[in-house]
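Note sheet for the following structure.
The values are calculated or read from the model by the stated rules, or taken from the named source; none is laboratory data. Being a predicted model, the structure only gives us computed values, none of them experimental. Virtual Cβ from ideal backbone geometry, glycine too; neighbours counted across all protein chains shown.
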Amino acid sequence: MKFSSLTDRVKGSAADAWDLHYEAKQARARGEDVIILSVGDPDFATPERVIERASQAMRDGDTHYTSILGHSELREAIAERHRQSSGQQIDINQVITTSGAQNALFACSLCLLEAGDEAIVLQPMYVTYEATIQAPGATLVPVVLHAEHGFRLDRETLQNAISERTRAIFYASPSNPTGVALNREELELIAEVARRHDLWVVADEVYADFLYAEPFQHIAALPGMAERVITIGSLSKSYAMSGWRVGWAIAPPPMIANMEKLALCMLYGLPGFIQQAGAEALKHCAQDLQSMREIYRQRRDFLFAAFSAIPGLEPLLPEAGMFMMVKVTGSGYTAADFSRALYQASGVSVLDATAFGASAAGYVRVSYTVSEADLREACKRIQSFMENLQ
Ligand SMILES: Cc1ncc(COP(=O)(O)O)c(C=O)c1O
């Protein structure tokens, strides 16, 4: 039987990188002694009052169809969070709820791009971007950020990627996998280019709450940007709610109207009890978020110190998020071979970062979404693996 060409466009080219991860997961399910540092799912439990609110909402009967845009309580909580952190004065007509940030990214791609269009993506990039941008038939044009420059953006590289077919710039800041948060200068550069070439900017901010030091800067709040920026966020990371699938897009009202039409035929609204739980998280769980951020920061500092002390490894200090990039070429292996050899020798699984783009070659991405005890044990095993190589 024949399938549409879309099924080829959404295949993605980086699927192999996850083979080792799935192997490790299966081994763990069989009870084997493995430590999985290859996935970015928070290890914390969803806050108890969120679970309680969802249960109560179900018992109260919020188990039917809901509105396509989302409950106004949740949309208002999203708008308020955004107003507080960005200073951008938005109202709930600029908010649509989606099934996670991934669903919002996909909807943006379908509403903004078509065959013949180009979308620029800062690379290394989160792996689903490739399929997301290609789904409507558009071409992904990577702006390659180099490890030697700390994976930071420069004017020339961005400008060189623009053509008359460019319609949008997509990026995640803070970035998965690099942990780099774009600074004011970099955001102004993107904004300047977007204004000059009349481009949309899709700003994926799912790790914004986990910026450790600086206050997070929103590109939507820069002059002349509100009309062309779509800010994407989600509860997955911030409140350890990845399985609840609550995300959103904040955009100018005409974009929200188009996303609503798409959502009508694609999603038909999020479950009401989940939306209530989402509102509960945003309105009442600031303390949980703060404790998680502090724990991630401590884990980051521990890992950075541990890896820095192992000859042959070069960690990059992430400014945000839950991942650390570590250069492993000092081991004599490529990142793919390093990951495989490490797993076979010690049962620790890390991810070959080449999956996020060629400029990450030689790096592995290490997630610190496991307990401190597991992190300590993983570091011990990695150290003895490196010692045995010498
Ligand atoms: C950069 C980035 N964007 C989007 C997502 C998807 O998040 P969600 O669970 O909200 O769909 C992830 C998940 O890992 C991510 O790392």
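General observations
Yes/no per residue for (1) within 16 Å of the ligand (Cβ to nearest atom); (2) under 16 Å from the mean Cα position of the chain (by Cα); (3) within 28 Å of Ile295 (Cβ to Cβ):
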| residue | (1), (2), (3) |
| --- | --- |
| Ala168 | yes, no, no |
| Pro174 | yes, yes, yes |
| Pro177 | yes, yes, yes |
| Leu189 | no, no, no |
| Glu192 | no, no, no |
| Leu199 | no, no, no |
| Glu214 | no, no, yes |
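- Taken together, Asp60, Asp41 contain a single residue that is exposed (fewer than 15 other Cβ atoms within 10 Å of the Cβ), within 16 Å of the ligand (Cβ to nearest atom) and not polar (S, T, N, Q), which is Asp41.
Yes/no per residue for (1) loosely packed, with under 15 Cβ neighbours inside 10 Å; (2) more than 17 Å from Leu105 (Cα to Cα); (3) outside the structural domain of Asp301 (by TED's automatic domain parsing):
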| position | (1), (2), (3) |
| --- | --- |
| Leu153 | no, yes, yes |
| Gln159 | yes, yes, yes |
| Thr178 | no, yes, yes |
| Glu186 | no, yes, yes |
| Leu189 | no, yes, yes |
| Asp198 | yes, yes, yes |
| Val201 | no, no, yes |
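- Boolean, Val193 is in contact (Cβ under 8 Å) with a residue 24 or more places away in the chain, more than 16 Å from Ala79 (Cα to Cα) and assigned to a helix (DSSP H, G or I): yes
- Subset of segment 84-125 [surrounded by fewer than 24 Cβ atoms within 10 Å (Cβ to Cβ) and part of a loop (DSSP other than H, G, I, E, B)]: Gly87, Gln88, Gln89, Ile90, Asp91, Ser99, Glu114, Ala115, Gly116, Asp117
Here's the yes/no breakdown for (1) in a loop (DSSP other than H, G, I, E, B); (2) within 27 Å of Leu270 (Cα to Cα); (3) in contact (Cβ under 8 Å) with a residue 24 or more places away in the chain:
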site	(1), (2), (3)
Thr157	no, no, no
Arg167	no, no, yes
Leu187	no, no, yes
Val206	yes, yes, yes
Glu214	yes, no, yes
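- Every residue from segment 227-268 that is more than 15 Å from the ligand (Cβ to nearest atom) and among the charged types (D, E, K, R): Glu227, Arg228, Glu260, Lys261
- Flag: Met325 matches the condition of being in a strand (DSSP E or B) and buried (at least 20 other Cβ atoms within 10 Å of the Cβ).
- Test for Gly61: is it in the same structural domain as Pro174 (by TED's automatic domain parsing), at positive phi and at pLDDT 95 or above: yes
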